[in-house]
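The values are calculated or read from the model by the stated rules, or taken from the named source; none is laboratory data. Worth saying up front: this structure is predicted, and the values here are computed from it rather than measured. Neighbour counts run over all protein chains shown; Cβ positions are idealised from the backbone, glycine included. We work out accessible area using only protein heavy atoms, side chains counted, and drop any ligands, DNA or RNA first. Shrake-Rupley method; radii C 1.70, N 1.55, O 1.52, S 1.80 Å.
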Amino acid sequence: MMGTISRGLALAAMALVGSAQLAAAQSECMTSKCQNLAAISAMQTGIAGECDCAGATNAKKYMQCVKKSLNAAIASGGFPRSCKTAVARCEAAVGCGKGLRPFRTIQTVFTQSCALSTCHSTLTRQGGLVLESEEVAYAALVDRPASHPEAGGAKLVVPGDPKSSFLVRKLRGTAPGDRMPVGSQLSDGTIKLIERWIDRGAKTTFDECPPSDGSGKKRKGKKACNDRPLRTGNFVWEPQPALEPPAPGTGLQLYTPKRDVVPGTEWETCFAFKNIPWQQLGLAAGYAPGETPIIKKQTYRMHEGSHHLLLYAYFGPTPEGWADGFFPCNAANCESENPNDCPPDASQYTIPIGGTQVAGTRYEVNYPEGVGIPVLTPDTVLIANLHYTNPFQPAQPIYSEAWLNLDFYKPGEFKAILDGIFAINYQDLFVEPYTSKTYSRMWMPRGLLSGGSTDAAVFQLFGHMHKRGTEFQIDIVRGGTCSGRPDWACGRDDDCRCWPGRGGGGGCPKDQVCNKPAGAEDAPIYYTSAWDRAPVVEYQKPYLLVDKTEGLRWTCTHTNGVEGDPSKPPKRCHENCGSCGWDAATRTCIFRRGVAQGYHTTLRTYAEGEPMPVVFGELADDDMCNMFGYFIKQADLPLLP
């Protein structure tokens, strides 16, 4: 999560659609006597929480609950009496307790309670399960085996048998693992609604409620269908509590102020902390006058919706060059697009010092005992890079906010500098629609501050991809050298190929081969197929030793859609789709990256909704292939406890 790191999660399109549908439904409730859309919206949200539409056995009982809620709100002064009839008529039109509820109603429950950004969305696919749309959810559930290791071969939905359906057991808390949805359990009535659908044979909406033939006649022996949207009101975004600051004299707390995240949108931004009194903080921590402190630990907290928070340090001569407040950026880099927001030497003097992609909780970045990051100058600026998304359903406003605690070493406790925080990426990534592609690169250790080759002791290692990444592997490579550059490590001929920026002062010879003597090693040490929750490997002393003549190869595979599988869609041209070249005037994507990267000979234009290539980009609708890690110099190992 450092360096040229991942830019985050793209939003599911359903968030935008859901927001528009919700607003449209609420506006339809307005009458000549009731034009208060905000009051209608708030009242309907309250009714959804108090009255169980899904569990209503008949319309009369449901409407009794609605009227009770309306009367209570009017009596308390929280709702205008002039809008009572308007809301009551709207609630009656939903048809709670009326007719047979098909799978389309079940999908409403999934959309609002399960297909959140961190659960069963196209982006996160927890348990390999996507519940974001009716077609995809049905295909993923019915007669499909559960992925839980203790499921014992059980199927998620067994038509006609709710008790044997693993889905129902998860909803009721009788299956292995956490009860679902985590933190927002469904009402008993909503679960019974799902059970009744399974008991009827778990049919599609079309099979149970086919379109009318236009005759207006009721189908003989069939109960009338009611597939109007069901409001469950289950998910409510709540901010996290503030992080407790370090005790005086032990550290520093940084805070990024609130910033709105409109429903169905996302943004990435930076916030620079200037004029930090480093020497005063050092004095308070027991350092000699004029000395700056040494960071030993970082702790973060952000709200749900955060995709990442990265922290950078600028130690150059022009700290005043950073903008005040929030400013647009790519990681901490703003020189290429908005140079007025950062110093002209930002790329030369800015280094990554920490970060996290864990939202909605407390996250600690710990180093081995005695290892730390010195604050290099009294004018050091810290830059927080934040990426937030708001795909939550029902659509609701949220805001960003972050607390960053930096704990300091006491004088004499610091033993060795954290010389390596590496973030290596494959920016030439390019995958045409409905194809897969595997990429690999080689990394050899270089010091963060020195910039030169060094023998590294790696104590943390992990990989990162976006949503179309299917496999990520890291191999340790020792003993092999490239024929044209014996200073390059290799385990196979492909490791010796040239790519943009490779070669340094010695050039980049073409058609090299890998010379592997007896005893050379090329062994896998890391693997994941989970793009969103890649494991972080912690190595204990003496850590993972990678000499300056050795390397780590990272390999990633990306699949840009699978034909016939709606749960694995390709990247498509759409508004605000990152690096796709969206043109608002023509509502097309004028795609330039294909020519720039040598894959296309002319510019290509894609119609809205048309599949198009995945490239390296900021949003999760594009992709990433990044390897990250922390190390210290092997020469410093004897200094540590």
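Observations on the structure shown:
- If R0 is taken as 25 Å, the Cβ-Cβ distance between S483 and D547 corresponds to a FRET efficiency of 0.75.
- Cβ-Cβ FRET estimate between D143 and E320, R0 fixed at 45 Å, reported to 0.05: 0.10
- For region 446-551, a crude dipole built from +1 on the beta carbon of Lys and Arg and -1 on the beta carbon of Asp and Glu, taken about the Cα centre, is about 280 debye to the nearest 20.
- Heavy atoms of M30: accessible area, 1.4 Å probe, square angstrom to 10: 60
- From the C-alpha gyration tensor of region 47-201, square roots of 5λ in Å: 33, 16, 13
- Helix-only CD estimate at 222 nm, as mean residue ellipticity for the chain, using -39500 (n - 2.57) per DSSP H run (n ≥ 4): -5000 deg cm²/dmol
- Share, in percent, of DSSP beta bridges within the chain that are antiparallel, nearest 5: 95
- By a 1.4 Å probe calculation restricted to protein chains, V168 has an accessible surface near 10 Å², given to the nearest 10.
- Between A92 and E150, the simple label model (points 7 Å from Cα in the Cβ direction) yields a spacing of 5.0 nm.
- For region 545-585, a crude dipole built from +1 on the beta carbon of Lys and Arg and -1 on the beta carbon of Asp and Glu, taken about the Cα centre, is about 60 debye to the nearest 20.
- Here the Karplus relation 6.51 cos²θ - 1.76 cosθ + 1.60, evaluated at θ = phi - 60°, turns the backbone of region 381-386 into coupling constants of 9, 9, 10, 9, 10, 10 Hz, with x for every Gly and Pro.
- Extreme residue, positive dipole direction of the chain, given options A635, V375, S147 (C-beta unit charges): S147
- Centre-to-centre separation between the Cα atoms of region 26-59 and those of region 181-201: 22 Å.
- Phi-derived couplings, Karplus 6.51 cos²θ - 1.76 cosθ + 1.60 at θ = phi - 60°, listed residue by residue for region 296-313: 10, 7, 10, 10, 10, 8, 9, 7, 4, x, 6, 9, 7, 9, 10, 10, 10, 10 Hz, with x used for Gly and Pro.
- Centre-to-centre, using Cα atoms only, region 414-461 and region 260-285 are separated by 26 Å.
- For K633, the aspartates and glutamates whose Cα comes closer than 13 Å to its Cα, not counting residues fewer than 8 places off in the same chain, are D419, D455, D547.
- Using a simple spin-label model with pseudo-atoms 7 Å out from Cα toward Cβ, E28 and T435 lie 4.5 nm apart.
- For region 557-571, the Karplus equation 6.51 cos²θ - 1.76 cosθ + 1.60, evaluated at θ = phi - 60°, returns couplings of 10, 10, 10, 8, x, 10, 4, x, 10, x, 7, 10, x, x, 5 Hz by residue, with Gly and Pro reported as x.
- If only the Cβ of Lys and Arg carry +1 and only the Cβ of Asp and Glu carry -1, the dipole of the chain around its Cα centre is close to 3120 debye.
- Over 21 Å (Cα to Cα) - which of K68/K192; K467/K568; K274/K410 fall in this group: K68/K192; K274/K410
- Bridgeable lysines around K67 (alpha carbons under 18 Å apart, same-chain partners fewer than 8 residues away excluded): K84, K98.
- Sequence-separation-based contact order of the chain, relative, with Cα cut under 8 Å and 6+ spacing, percent: 16
- For region 522-611: relative contact order, % (alpha-carbon pairs under 8 angstrom, 6 or more apart): 18
- Positive-end residue, the chain charge dipole about Cα centroid, Cβ charges, pick of A56, A384, I590: A56
- Report note on the peptides 320-327, 309-316: ranked by the mean count of other C-beta atoms within 10 Å, highest first, their order is 309-316, 320-327.
- By average C-beta atoms within 10 angstrom, highest first, the peptides 157-166, 366-375: 366-375, 157-166
- Label sites at V562 and V182, each approximated as a point 7 angstrom past Cα along Cα to Cβ, lie 2.4 nm apart.
- Linear extension gain, N576 paired with D260, 0.36 nm per residue minus alpha-carbon span: 112.0 nm
- The fraction of accessible area contributed by carbon and sulfur in the chain is 52 percent, rounded to a whole number (1.4 Å probe; ligands and nucleic acids excluded).
- For Q460, the residues 5 or more places off, or on other chains, whose built amide H falls under 5 Å of its own are Y539, Y630.
- Calculated FRET value between K274 and A247, using beta carbons and R₀ = 25 Å, to 0.05: 0.55
- Solvent exposure of region 294-343 as accessible area per residue, Å², 1.4 Å probe: 35
- Fraction of C-alpha pairs exceeding 43 angstrom in the chain: 33 percent, rounded to a whole number.
- Between amide H atoms placed 1.01 Å from N, distances below 5 Å from D547 occur with A456, all of them 5 or more places distant or on a separate chain.
- Measuring only protein heavy atoms, the 1.4 Å probe finds I590 accessible over about 40 Å².
- Under 5 Å from the amide H of W443 lie the amide H atoms of L552, R553, W554, each residue being 5 or more positions distant or on a separate chain, with H modelled from the backbone and absent for Pro and chain starts.
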